[in-house]
1. Stretched out fully, how many nm does the piece from Tyr55 to His251 gain, at 0.36 nm a residue minus the Cα gap?
2. What are the ³J(HN,Hα) values, in whole Hz, obtained from phi via the Karplus relation 6.51 cos²θ - 1.76 cosθ + 1.60 with θ = phi - 60°, for each residue of segment 57-69 in sequence order, with x given for Gly and Pro?
3. Could you pull the accessible area for Arg237 with a 1.4 Å probe, rounded to 10 Å²?
4. Which order do you get for Ser69, Ser238 if you rank them by accessible area with a 1.4 Å probe, largest at the top?
5. Using amide H atoms built in the peptide plane, which far-off residues or other-chain residues are under 5 Å from Phe257 H to H?
6. At 0.36 nm per residue, and after removing the present C-alpha to C-alpha distance, how many nm does the segment from Ile162 to Cys276 gain when stretched out fully?
7. Rank-order 86-99, 113-126 by packing density, defined as the average count of other C-beta atoms within 10 Å over each peptide's residues, highest first.
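The values are calculated or read from the model by the stated rules, or taken from the named source; none is laboratory data. Model, not experiment: these values are computed from the prediction. Using ideal geometry, Cβ is built from the backbone for each residue, glycine included, and neighbour counts are taken over all protein chains shown. Side chains are part of the model used for accessible areas, which takes the heavy atoms of the whole protein and leaves out ligands, DNA and RNA. Shrake-Rupley method; radii C 1.70, N 1.55, O 1.52, S 1.80 Å.
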Amino acid sequence: MTYRLPISWFYSLLASLVALVSCAVPQRAESQALRAQAASYELEVLVDGAPARTYQHAGETHMLGEQGSRYVLRVHNHSGRRIEAVVSVDGLDVIDGKPGDFANKRGYLVPAYGFVDIDGWRLSDREAAAFRFAPIGDSYAAKTGTARNVGVIGVAVFPERIVRAPRPVYSPYRREQYEPEFSRVPSTGAYDDAPRAEDKAEQARPAPAAAPLGSAGRGASADTTSAEAAPMKRRSRSGLGTEFGEAMSSHIEHVAFVRAHPTRPSSVLGARYNDCAGLYALGIDVDGREQPSDLALRQSANPFPSQHYARPPADWRRD
């Protein structure tokens, strides 16, 4: 005897399976909402030495900046495992100034239960150019022709790979016959759980440069695009960007670091920043007073405000 399920039940089951698969697939970093905290990691922005004012809007973290102020990025690691933080500002890597690419660039090493301060664009192992808020036209991104992503900070977090000692093998009889399956590990004698096909593919690639302590190694950079080679024509845009500030002392050193996964970060932190007017335009209540939108102002305009006579403007002169 055979049993036939109703066709509606079949489609319901199929929809459930599709939903489960979609939930299991991790989101791409580009599509994730930018938040300053995720898992055991946190991004803090210090403006002139004090924590920046932040706001949560539409599921993302927004930060208030002021033109001319200098800021420092502080990456916190609240886990018991060292991490590498690949950082970008305005879509540009803070180490080489090229478009951000966490898969092929190296970052700053953050100790377990510690933090690291990133104070500017890296000039050398001893100097950095300070991060300072500036008009978009004066930002480093605009001057290099890559101002499309001005106003955003990103941190890709890569935990360190844990290398475990090989498990002991007990084989009282013939080893080739009774050796447990799990003991057949690479001849290196070290592994991190079972080797995966994607890890084998990554191992075939040339090893990247070592990550510096508190900074990134001079790893391979992405190919320069034609848009970078020829700076874009400047447009007058409101809001804030980050300029290439004054040179300042900033010492780093390089250390070896192996990522748990070579190209996939465990978390992506971030924040969007703008001046007061820019945050108001998004509908963010900056100073505790609700700022009406332009449409609301027009719809509530009063054609007869209480005033007896016309008041001359400040630059008006009687002939």
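1. Extra length from Tyr55 to His251 when fully extended: 67.3 nm.
2. 8, 6, x, 10, 8, 10, 10, 8, x, 9, 4, x, 6
3. Result for Arg237: roughly 90 Å² accessible.
4. The ranking, largest first, comes out as Ser238, Ser69.
5. Sorted by chain and number, the residues that satisfy this are Ala211.
6. Extra length from Ile162 to Cys276 when fully extended: 36.6 nm.
7. 86-99, 113-126
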